[in-house]
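Engineer: Before I ask anything, let me first share the structure, which is written out below as structure tokens.
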Amino acid sequence: MQDDIRDTRDRQEKPEPRATEPHIGPEHQLPPPRRSAGIRILVWMVILLLFALLFWWVMHRKAAPAAAGGGRRGAIGGTVTLNVRTAKTGNIGVYLDAIGTVTPVYTTTLISQVTGVLSQVNYREGQLVRRGQTLIQIDPRQYQANVLTAQGALERDTNLLAQAEMDLKRYQDAWARNAIPKQTLDDQEKLVLQDQGTVKADQGTLQFDQVQLAYTNITSPINGRVGLRLVDPGNLATASSSTALAVVTQLQPITVVFTIPEDNVSQLEQQMRKGKPLTVDALGRANQSNLASGKLEATDNQIDTTTGTLKLRAIFDNKDNALFPNQFVNARLLLQTLENVVLIPSSAIQHNGDQSYVFLIQNNVAHIHNIKPGVSEASVTEVQGLNAGDVVADSSFEKLQDGSAVHITKQVLLPSNNESDAP
């Protein structure tokens, strides 16, 4: 029975042989399917059509701004709408611009002249003080005692001098009656002279002690503003120490120090020789706000060879305290004023290389007109080559050409992004 079971397992584990597939030769195989030539042509036509549509769309986008008048070529043969300005006769200043520093006329650093303990600090930080106002008090008792001692010595020696002078008067009378020898009279005269010298020495000692006593009361020598507190009551002040007790800065008047190039020194000297004060304006960092107006006070006596500039000082009343010490400002020095010159807006001037020109409007037609610009100030420029009353274009330069017909409008037109200065 075991042999039957073993035979059955052998039959189950032995795989059955597969049927052999018949071999087909190449001459009996079917050819691969072929694509239709019409479909291939149709695909290429669709691709070409898509490329044509894309090309037309790109060209249409480029031509749209020109058709709308955005380019100068698109304005050829058409009427250009623009704003105009009229040249006028007026005055304009010739300025020298520089960066300046606000500098106080006086800055006082107070130090102690005597040694003593600070008993009082009588100022607030940033306080405006007057000349002679007490700022700091040093304990004066020691110096008051010295003054009292000197006064006593002076009174004593003064009375001794008076006694010696009375004795001298008696000796002179006795000598006149030949009652005393001449030596006694001479000795008394010298004694009076010695007492006079002693009195003078006492007077000097008293004055010195009075000065020392006055040093205990520290006052402001100028009008100005005191800085932050540097000492406190109870601190010890030392005579002739370099430690500052307070700093006072004058604010009114105040000056601005600035420099100009050495190339402009001759123009400055020429205007100063006329004897007329030159105006200086102090402007903020952005050159938009005029902080104060003053006068040129002085110039340095030599040009700085390192920078090639000359240092100037202008003085300002500064009544409103608009200028602050060590503040940086933009200084504008008015050298001279050009009178009765032709002025036009700076925005009306166009440039083509080194040549400047405007579009002169005559009979509603724009003509290129060369000019020579000069001094500019506050968006206005002095020009040569125009007359007062001439009308010039002030907008739409990207559309204008020489001979373009124009239409003048009062509505403000904004400049285009592709505006060019070249015609």
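Engineer: What is the count of Lys pairs in the stretch 302-423 whose alpha carbons sit under 28 Å apart, if the two are 8 or more places apart or on different chains?
Structural biologist: On the way: Lys311/Lys319; Lys372/Lys399; Lys372/Lys410; Lys399/Lys410.
Within the stretch 302-423, the lysine pair count is 4.
Engineer: In what order, largest first, do Arg332, Arg141 sit by accessible area if the probe radius is 1.4 Å?
Structural biologist: Per-residue accessible area, sorted high to low, gives Arg141, Arg332.
Engineer: If you average the sequence gap of Cα pairs under 8 Å that are 6 or more apart and divide by the length of the stretch 89-175, what percent do you get for the contact order?
Structural biologist: Reported as a whole number, the value is 20 percent.
Engineer: Tell me, what is the percent relative contact order of the stretch 320-412, built from C-alpha pairs under 8 Å that lie six or more residues apart?
Structural biologist: Details: 117 pairs, mean separation 25.3, N = 93.
For the stretch 320-412, the relative contact order is 27 percent.
Engineer: Right, here's the next one. What are the extents of the Cα atoms of the stretch 321-379 along their three principal axes, listed from largest to smallest and rounded to whole Å?
Structural biologist: Largest first, the stretch 321-379 extends 57, 27, 21 Å along its Cα principal axes.
Engineer: Which order do the peptides 166-176, 86-96 come out in when sorted by mean C-beta neighbours inside 10 angstrom, highest first?
Structural biologist: Numbers: 166-176: 13.7, 86-96: 15.5.
Ranked by mean Cβ neighbours within 10 Å, highest first: 86-96, 166-176.
Engineer: Now, a different point. For the stretch 193-202, what does the Karplus curve 6.51 cos²θ - 1.76 cosθ + 1.60, with θ = phi - 60°, yield as ³J(HN,Hα) per residue in whole Hz, taken in order and with x for Gly and Pro?
Structural biologist: Calculated HN-Hα couplings, in order: 5, 4, 5, 5, x, 5, 5, 5, 5, 5 Hz.
Engineer: FRET efficiency for Ala378 and Thr299, Cβ-Cβ distance as r, R0 = 30 Å, nearest 0.05?
Structural biologist: On the way: r = 27 Å, r/R0 = 0.90.
With a Förster radius of 30 Å, E is 0.65.
Engineer: Can you order the peptides 128-134, 220-226 by their average number of other Cβ atoms within 10 Å per residue, highest first?
Structural biologist: On the way: 128-134: 13.6, 220-226: 18.6.
Ranking, from highest mean packing down: 220-226, 128-134.
Engineer: Report Rg(Cα)/(2.2 N^0.38 Å) for the stretch 378-418, keeping two decimals. Show your work: numbers first, answer last.
Structural biologist: Details: Rg = 12.4 Å, N = 41, 2.2 N^0.38 = 9.0 Å.
Dividing the Cα Rg of the stretch 378-418 by 2.2 N^0.38 Å gives 1.37.
Engineer: Using just the alpha carbons, could you tell me how many Å³ per residue the convex hull of the stretch 260-315 encloses? The partial results should precede the final answer.
Structural biologist: Working: hull volume 5.5 nm³, N = 56.
Output value, Cα hull per residue: 98 Å³.
Engineer: Taking only the alpha-carbon positions of the stretch 84-240 and ignoring solvent, what does the Debye formula give for the base-10 log of I(q)/I(0) at q = 0.12, 0.13, 0.14 Å⁻¹?
Structural biologist: Ignoring solvent entirely, the Cα scatterers give -0.74, -0.79, -0.84.
Engineer: If you don't mind, there's one more thing I want to ask. On each of the three principal axes of the Cα atoms of the stretch 249-352, give max minus min coordinate, whole Å, ordered largest first.
Structural biologist: Here the Cα extents, ordered largest to smallest, are 52, 32, 30 Å.
Engineer: Now for a different question. Which value, in Å² and to the nearest 10, is the accessible area of Glu155 when all protein chains are kept and the probe is 1.4 Å?
Structural biologist: It works out to around 120 Å².
Engineer: For the stretch 147-165 and the stretch 230-278, what is the separation of their Cα centres, given in Å?
Structural biologist: Centre-to-centre distance over Cα atoms comes out at 49 Å.
Engineer: Could you tell me which of rounded, prolate or oblate describes the stretch 158-282, using a ≥ b ≥ c as the square roots of the eigenvalues of the alpha-carbon gyration tensor, with rounded for a/c under 1.5 and, failing that, prolate when a/b is larger than b/c and oblate otherwise?
Structural biologist: Oblate is the answer for the stretch 158-282, as a/c is 1.5 or above yet b/c matches or exceeds a/b.
Engineer: Right, something else. Under a 1.4 Å probe, what is the accessible area of the stretch 181-289 per residue, stated in Å²? Can you show the working numbers first?
Structural biologist: Details: 6290 Å² over 109 residues.
About 58 Å² of surface per residue is accessible.
Engineer: Additional query: Arrange the residues Thr259, Thr306 by how much accessible surface each exposes, largest first, with a 1.4 angstrom probe. Present the calculation step by step, with values, prior to reporting the outcome.
Structural biologist: Working: Thr259 55, Thr306 125 Å².
So the residues, ranked largest to smallest area, are Thr306, Thr259.
The values are calculated or read from the model by the stated rules, or taken from the named source; none is laboratory data. All of these numbers come straight from a predicted model, not from anything done at the bench. FYI the Cβ positions are ideal-geometry reconstructions off the backbone, even for glycines, and counts take in every protein chain you see. These accessible areas exclude ligands, DNA and RNA; they are computed on the full protein's heavy atoms, side chains included. Shrake-Rupley method; radii C 1.70, N 1.55, O 1.52, S 1.80 Å.
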